[in-house]
Amino acid sequence: MTSDLVFWAGVVVVFVGGVFDFIAGLGMLRFPNFYVRLHAATIGTIYGAVLPLIGVALMALGSPIPNNTFIAGGCLATALVLFLVAPIGSHLLAYAAHKARAVEWSPVVDQLGEEE
Amino acid sequence: MGRRLLGLVFVYSLALALALVVYATGSLQPPHEIKRLGVFYVEETFFGNMTAMSPEAVTAIVWDYRGLDTVYETAVFFLAVVAGLAVFRVSKTPPLKRGVGLTEISRTSTKIVAALIVVVSASIALHGHLTPGGGFQGGSTLAIAPLLVIPIFSYYALLARRLTPGLLVTLRGLALTAIGLVALLPVFKGLEVVTNIRFYPAYILGQLVSGSLLLYNSSEYIAVASGFAAVFLYLSFEEEFHEEERGEDHE
Amino acid sequence: MSEAGLVWSLLVGLLAVNLLVSVYGIIYGRSLTKKLISLTIFSDTVYVFFIMVGYRLVYPTVPPVYVELTRDQLEYLAKHAVDPVPQALVLTGIVIGMAVNALIGFGIIQAYRLKKTVTARELVGFEEVE
Amino acid sequence: MFREVLVTLWLFLFYIVYTGSTTPYDIATGLVVAALVGVPASRVLVSDERKLLDVKRYIHLFYYALKYMTVIEFKAHMDVVKRVFTMRLNPGIVKIPVYAKSRYGRLLIAVSITNTPGTVVVDERDGWFYVNWIDVASTKPEEARLAISAEFEDYAFKIFE
Amino acid sequence: MKSLVGLVPLTTVLGAFTTPVVYLATKSRRATFAYATLFSLSALVLSLAVAVEVYAGKEVVVYNAGGWPGPVGIVYVVDGVNALLALVTAFLSFLIFVYSYEYIRDSGYPWYLVMLLGAETGLLGVIYTGDVFNLFVMIEVTAISSYGLVMYYRWRATSIVSGLKYAFIGALGTTGFLLALAIVYAVFGSLNLVDIGLKAMGYPGSTVTGGPLEDAALAIGLVLALSLWAFTIKSGVFPNHFWLPDAHPAAPTPVSALLSGLVVNAGAVSLYKVLYLGFSASQLPGVRVVVESVSLIALVTGLASSFLGGLLMVVQADVKRLIAYSTVMNMGFVFMSIATLSPIGVLGFVYYTVVHSLAKATLFLSVGPVIRAAASRRLDRIAGLGRSILPSGAALAVSTLTLAGVPPLPGFLGKLLIYQALFQYNVAAAVLFVVSSAVGLVSYMRLFYVLLVSPPTQTPAPVHAPLMKSVLAVLSALLIASGLVFTFSRSAFDYVFYEPVKAVGDVASYLKSLSTSLYGLPG
Amino acid sequence: MILVYLTLLFAGLLSTLFTYLAVTEKDLLKAAAYSAGQSIAYSILFQVFAATDILLAYIAISVGVYSGLLIFIVSKTERFEV
Amino acid sequence: MVEFTHLLFAILAAPYIAAVLMYTARAVKGPTVPDIILAVDCMSYDLAVFLALLSVYYQSPLMIAPAILLALWAYLLDVFASKYLVSKEVGA
């Protein structure tokens, strides 16, 4: 019974993550330039990937798969690494884009650009 | 843009046409059964008479049933690295200086991630005979660590830690020699090369190590990682440095 | 004639087109780098074809690896596992392809050092020796 | 000495979590690998080992992680999700001061800022973060700091300083 | 004690693995060269032992690597043909190692030695193996070493660019061969050559790989077409010959000898294994037609490349390029010989491959001192220099005349054999063969005249190279001796060439006799 | 089996799209990124075909090493195809 | 019951597939290199989830291992691309 509960909790989490991911995809399409799209990408990473991974771990723990701790452990480790790695990736891309002036945009204020 | 879109439409319609032709002949169906040979390996790999004492059929084929292929496959990778070094060879290593690198945040994060990568890769390599993975997979995962260090800290960070190309090539040569010796040793007992279970023990202290599979995997792990590191280290020398080395070749 | 056959045919068609497009890239790509990219795609597609040979359409499909060392697993795997042979062969193939492509990459950079171009047509018309 | 052991233990824990099983083989290889990595890495990773032993810091970290994942992230997500549909954008790069001095404190702040939708750290320079903000409410550094990173910084001080 | 076959390629690959370590430990040119040459020598000794075992035992040695028989593991199948070809390969490689000690003088020699050992490993593996996937791996081992060796002169645009061309076209070909192997596995469920051959003949083969085959003509046609494509690339046969005249001269001269003499054989041997041993005995209805049409295509490509090579040889100004075109021509002959799919065709293939390897390597190696003395590769600059460098000139004369097919030398007999094979197959093919070799004869005579007869344009600097000279002396003595022995002594020819080919000649009974080596035979 | 069919078709379509883009793109850096996308599409196929061993090696080589190699080549030679 | 499982997983996977399609559209449109890299990144992070989901769907605990690699290598792609954009020499 508990395992069923865990499984369905996982399903709900994965589903919610999917909805957020969908919205993130929408944002990626609709936002006008790279710097704004970064924020949509963050949605896609945190609630669109890290959270669902935890959800999948719950699903695995709640289903009668042999050695389901493999899946749970792998998912949690992936979530942890993703949590560390994804923001640094976005940060570096933003840094590079700003440094190389690769992106045209019209910000309200650009205090980094002013200082350079 | 218009032309590319047209091309894309053409490509997809070509795919559709091909698919319809294939479908119409009706000869192509996803199989419900696998080949007899595949079933044979799955059945024999742990429980059968012709066992490799490994629950992992793929690794058992890679390093035991068809181990000879893999020994020479590592030779191909080794030769590619050597050929690359022959093209890019330099007479001295570059002088140490402070590299450009990337931001401070990424440096701090990379330190943690690198430690985690080593642990993950070791897990992949050391469980190669039990779960999917193995020496090559683990080694290429381990190679992420130096590959991350090269752009983020600059390759001088690796050189400063004495990870020079010479050391890496030596490490690689030693690891590959270990692979070769593991393949060669059964010969001295009158067995064929790359013999596994009839020469190496399947269990050590009650733990399944599948004979030579663990030895191969751990040697390959080091060999692949150092090979990738050497390749990328050579690639990251600055162009000016290569220009200094420029000369003529005489017959 | 089933939906499985249709999906399979479509997949084969798409992959065959990938093969053709990448061969086009290898032959008509102007830059050597582009040719290298096409070559990697070409070999990747061949690996997918090879793996397709070993697939079996059952539910659930599992890798040919024992999770537990019991006789039940043996029967389960014999019914559900995919073919391990193509996987082992493709693993070898991937390593070999990667080695060749890395060497080609080294060559491209060296060619640029010598001729200051990676455009295939400009590279080919080189001078006679001595 | 402690820091070597502790880093090794943390890495060993990660190994076991990733591997997902605890047979004697896993434990033995895990310990060996973790020690092989942890001992040389500990000098690079940890500068003050007393902080590693402080249980209060772990409790703060755990509490913060929980709160961050649920409350803070949820608020920020909903904000940006609204913007996806309304397209009310006001983007810009503002500079905010960072008072945390330790490397990990700064990393935690930067990761927290970037992982919250709506703000991304673009660059950092002697004590200042330059943050790409989807809705620039204020261009004054201190006010921007209050809106963006003040809460993270509190915890960063509790955990790492 | 099991047979030594498995050790032969493993020895050289171990040498390749350890040579960089030895170099970095000693930093001594002499020690590194001695170490690598030692491994080549031991490969020669081992392959000699294998050849003796096979020739004395008069039976095919099947070596189960890892102890796994038949389709389960990889097997080496060594009959007389394989043993002979491997022996020639190991012998020539060893001589090239010795020769290189004085020729390669720059700082890249440890990497050069590693790649040379790698190429030797691959060739030996290609020749011994009885497993199609292992064939692919070994072809790649050879190929990647060749790419690296062609690019060895890294500050010359010619060598880098032609090496890149070679690598691109070679990678395309071998990947195509991998696709062919995917189809082979999908159709036969097996990778063992004997098993595939038996199944293609309609026998059940090993039970481990499933029962006999139904209709598979289309798939086999695809397999053969893709394989032929790959092998023409590897051997430099029309329409994929264009990389060869660029790549072979660009390498250092000993490597040119290795590439032109031995590495091109990889394609021919593979074609022999797949087309002749694998499918030529097939009795299945559709397959028969497929095999015949593919062999016809192979014949036409061989003919085309022999004409093309012969004609283009005439107009070359660069001596190494001229010799490279002669390789294109001779590989055309070899392909034609295999494509007849008859025992005498195989005899011609084996004999001509051996002779061509020896003579072509000798020719390249003997040109080496001349090029070094004149510091040029242009024919008009090196005219007449052959006379002044004695062993080189003698070797030049012998090898040129051998390749031209002048009677007492061994080349004549080879051409005769191919002519007979083609005559049985089709008269027109035989006539065209004669015409193309006549065209080649003109170019060889031109080379002979320019290098040896015409008056020297300059006085060369003396070349002090005792090892190079002794290698050339050994090779030319061997060529003359073998010509005399095989032309005049029927029994020697029978012992060395005819008996082994007779064992292979009837493919059906050959495969059936090997079927006992397979695991899990029915009944 | 609907998920399997869906995923196979999706990955096939994606791979063809990325292949086409990678082969026709003039900016080689973009082409390298597209080829990474193509590798990701193939990764899905491998996972559906239950080829985990392949996937572990393939992701490393194709998404990582090739991309790194290509970016190195682009940085040392020309970025735009003439 | 089995039918239900198929349906459940299809429903769970559908939004991810749709999202990946939208990321792909972004990758196609570009217009700049960081846009494409970001889109490829997001795709690979999503696919890490997808792989995990497939491994639960196939009830095989062994198929989870690649997910972590997908995340790591996508990060490596980021790092290399940013370094290239920042400075011409990637290694220095």
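List of remarks:
- Accessible area buried, both sides summed, chains E and B with 1.4 Å probe, Å²: 5300 Å²
- Per-selection Kirkwood Rh - the range A:1-40 (Cα, Å, 1 d.p.): 11.6 Å
- Three-way shape call for the range C:3-124 based on the alpha-carbon gyration tensor, with the a/c threshold at 1.5: oblate
- Label zone at D:L61 (point 7 Å along Cα-to-Cβ), backbone N below 17 Å, the range D:1-43: D:2-18, D:38-39, D:41-43
- J(HN,Hα) series, the range B:11-25, from Karplus relation 6.51 cos²θ - 1.76 cosθ + 1.60, nearest Hz, glycine and proline x: 4, 5, 5, 4, 4, 5, 4, 4, 4, 5, 4, 4, 5, 5, 5
- Protein accessible area in chain B, 1.4 Å probe - carbon and sulfur %: 65 percent
- Interface D:A - total buried accessible surface [probe 1.4 Å, Å², rounded to 100]: 3800 Å²
- Applying D = kT/(6 pi eta Rh) to the range G:1-82, where Rh is the Kirkwood radius over alpha-carbon pairs, T corresponds to 10 °C and eta to 1.306 mPa s, the Stokes-Einstein value obtained is 115 µm²/s.
- As a calculated quantity, the FRET efficiency between G:I11 and E:V434 at R0 = 56 Å, using C-beta atoms, amounts to about 0.15.
- Peptide packing: for B:18-28, F:35-45, the average count of neighbouring Cβ atoms within 10 Å per residue gives the ranking F:35-45, B:18-28, highest mean first.
- Helical runs (DSSP H, four residues minimum) scored at -39500 (n - 2.57) apiece and divided by the length of chain E put the mean residue ellipticity at 222 nm at -24000 deg cm²/dmol.
- Global form of the range D:70-130, assessed from the alpha-carbon gyration tensor, a/c cut-off 1.5: oblate
- Residue (of B:Y23, F:Y58, E:A304) at the positive-pole extreme of the protein assembly as shown, dipole from beta-carbon charges: E:A304
- Accessible area of the range D:1-158 divided out per residue, in Å², using a probe of 1.4 angstrom: 47 Å²
- Once the 1.4 Å probe is applied to the protein heavy atoms, chain E comes out at 28 Å² accessible per residue.
- Residue-averaged beta-carbon neighbours from other chains (10 angstrom radius) around D:128-136: 5
- Helix-only CD estimate at 222 nm, as mean residue ellipticity for chain B, using -39500 (n - 2.57) per DSSP H run (n ≥ 4): -20500 deg cm²/dmol
- Global size of the range D:54-160 as Cα Rg and Dmax, reported in angstrom: 14.0, 46
- Remark: the range B:88-93, residue by residue, has Karplus-estimated 3J(HN,Hα) of 9, 5, 10, 7, 9, 7 Hz, where x stands for each Gly or Pro and the curve is 6.51 cos²θ - 1.76 cosθ + 1.60 at θ = phi - 60°.
- Percent of Cα-Cα distances greater than 67 Å, calculated over the protein assembly as shown: 8 percent
- Between E:R387 and G:A18, the simple spin-label model (points 7 angstrom out along Cα→Cβ) gives 9.0 nm.
- Relative intensity of the range B:65-212 on a log10 scale, I(q)/I(0) at q = 0.11, 0.16 Å⁻¹, equals -0.59, -1.05, per a Debye sum over C-alpha point scatterers of equal strength in the absence of solvent.
- Accessible-area composition of the range D:54-160, carbon plus sulfur, in percent [1.4 Å probe]: 65 percent
- Per-residue Karplus couplings for the range C:101-114, computed as 6.51 cos²θ - 1.76 cosθ + 1.60 with θ equal to phi - 60°, are listed in order as 5, 5, 5, 4, x, 4, x, 4, 5, 5, 4, 5, 4, 7 Hz, Gly and Pro entered as x.
- Net charge of the neighbourhood of G:L76, taken over other residues with C-beta under 13 Å away and scored Lys/Arg +1, Asp/Glu -1, is -1.
- The mean accessible area for residues of the range A:2-101, using a 1.4 Å probe and ignoring ligands and nucleic acids, is 27 Å² per residue.
- Protection proxy ranking of B:69-79, E:101-111, E:212-222, by the mean of other Cβ atoms within 10 Å over each peptide's residues and highest first, is B:69-79, E:101-111, E:212-222.
- Of the peptides E:44-50, C:2-8, E:3-9, E:292-298, the ranking by mean beta-carbon count within 10 Å, highest at the top, reads E:3-9, E:44-50, E:292-298, C:2-8.
- Direction-averaged projected area, Cα convex hull, chain B: 23.1 nm², rounded to one decimal.
- Taking a ≥ b ≥ c as the square roots of the eigenvalues of the Cα gyration tensor, the range A:2-101 is classed as oblate, since a/c reaches at least 1.5 and a/b does not exceed b/c.
- Normalised by 2.2 N^0.38 Å, with N the number of residues, the alpha-carbon radius of gyration of the range D:1-91 equals 1.61.
- For trypsin sites (Lys or Arg not before Pro), the sites in the range D:69-161 that DSSP calls loop and that have at most 13 other Cβ atoms within 10 Å are D:R88, D:K101.
- Summing Cβ point charges (Lys, Arg +1; Asp, Glu -1) relative to the Cα centre of chain B gives a dipole of roughly 540 debye.
- In chain A, a dipole from Cβ-located charges (positive for Lys and Arg, negative for Asp and Glu) runs towards its positive end, and of A:F15, A:L76, A:L61 it is A:L61 whose Cα lies farthest in that direction.
- Burial here means at least 40 square angstrom less accessible surface with every protein chain in place than with the chain by itself, probed at 1.4 Å; in the range A:64-81 the buried residues are A:I65, A:P66, A:N67, A:F70, A:I71, A:A77, A:T78, A:V81.
- Which of B:H32, G:H6 is most accessible, then next, and so on - probe 1.4 Å: B:H32, G:H6
- Minimum 30 Å² accessible area buried by the other protein chains, the range D:24-46 residues, probe 1.4 Å, relative to alone: D:Y25, D:V33, D:V37, D:V44, D:L45
- Sites C:E68 and A:T2, calculated FRET efficiency, Cβ-Cβ separation with R0 30 Å, nearest 0.05: 0.85
- Rolling a 1.4 angstrom probe over the range E:3-512 with all protein chains present gives an accessible area of which 71% lies on carbon and sulfur atoms.
- A Förster radius of 25 Å, combined with the Cβ-Cβ distance separating B:A17 from E:A225, puts the computed FRET efficiency at roughly 0.70.
- Here the range D:2-51 is treated as an ellipsoid with the same Cα gyration tensor; its semi-axes, largest first and in whole Å, are 22, 10, 8.
- Charge dipole of the range C:3-124 about the Cα centre (unit charges at C-beta), most positive-ward option of C:V100, C:Q87, C:V53: C:V100
- Listed by number, the DSSP H helices of chain E that run 24 Å or longer by alpha-carbon position along their axis and have mean Kyte hydropathy of at least 1.6 are E:132-150, E:157-188, E:217-235, E:285-314, E:427-448, E:466-488.
- Contact surface B-C: accessible area buried, both sides summed, square angstrom, 1.4 angstrom probe: 4800 Å²
- P(r) weight above 16 Å for the range B:128-217, C-alpha pairs, percent: 66 percent
The values are calculated or read from the model by the stated rules, or taken from the named source; none is laboratory data. From a predicted model like this one, the values you see are computed outputs, not experimental measurements. Ideal geometry is used to build each Cβ from the backbone, glycine not excepted, and the neighbour counts take in all protein chains shown. Quick note on the areas: whole protein, heavy atoms, side chains included, nothing else; ligands and nucleic acids left out. Shrake-Rupley method; radii C 1.70, N 1.55, O 1.52, S 1.80 Å.
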